[in-house]
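Below is one structure, written out as structure tokens; comments come after it.
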Amino acid sequence: MSTDNTDRPPDRVNLLREGNAVYKALIKVAGESRKYAGDNGIDRALAELINVRASQLNGCVACLNQHLPEAREAGVPEQKLDLLPAWRESELYDDRERAALGLAESLTLMPSHAERESAYAFAAQHLGDAEIAAVEWTAIAINAFNRVSIASAHQVKPRK
């Protein structure tokens, strides 16, 4: 993930510089997660929907700045991105997308055990084991990046 950190508050440690080897390892994990997802039925568009939704829930400006354009490049329609915060109320998302988004949200928000089990059960109706694992790894990876960016107070500059 690339971010412009020049506007970072001076009292924050930048985790891209401090502990850079850990950050580089996280990048490798994310790459393996993307490869696993692609190899197991989670295409780039669905993976980017997961990345955007988790980043919305976490309020990660740096990851939203990166993954919204990547979602568009992957072919996610603008309307789906616009309505993503209300995906449960929209008919634009199919059951497979709903299963992936619900499962990803359950790993992002860490709801009650019953809510997590419900999300998993729905996912199991619409995704195979490898797809479930791919969705979960995708959610775990983006949540890790969200936390790095939030902890470091990464900011973004307006696009030209």
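The values are calculated or read from the model by the stated rules, or taken from the named source; none is laboratory data. Just so you know, these numbers come straight off a predicted model, no measurement behind them. Every residue, glycine as well, gets a Cβ built from its backbone with ideal geometry; the counts of neighbours run over all protein chains shown. To get the accessible areas, we keep the full protein, side chains included, count just its heavy atoms, and leave off ligands, DNA and RNA. Shrake-Rupley method; radii C 1.70, N 1.55, O 1.52, S 1.80 Å.
What the table shows:
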read-out: Criterion violated by GLU48 - all others in (1) open to solvent by 30 Å² or more (accessible area, probe 1.4 Å); (2) part of a helix (DSSP H, G or I) satisfied; value: (1)
read-out: Criterion (at pLDDT 95 or above and in contact with a Leu (Cβ under 7 Å, 6 or more places away or on another chain)) met by exactly one of LEU103, LEU107, LEU81, LEU64; value: LEU81
read-out: Inter-residue pairs, beta-carbon under 9 Å, first at pLDDT 95 or above and in region 115-126, second open to solvent by 90 Å² or more (accessible area, probe 1.4 Å), 6+ apart; value: GLU115/LEU109; ARG116/MET110
read-out: Flag for LYS24 being among the charged types (D, E, K, R), over 21 Å from ALA153 (Cα atoms) and surrounded by fewer than 18 Cβ atoms within 10 Å (Cβ to Cβ); value: no
read-out: Matching option when the condition is open to solvent by 40 Å² or more (accessible area, probe 1.4 Å) and at pLDDT 95 or above, among VAL13, VAL29; value: VAL29
read-out: Every residue from region 127-141 that is of a type in the set (D, E, K, R) and touching a residue at least 24 places away in the same chain (Cβ under 8 Å); value: GLU131, GLU136
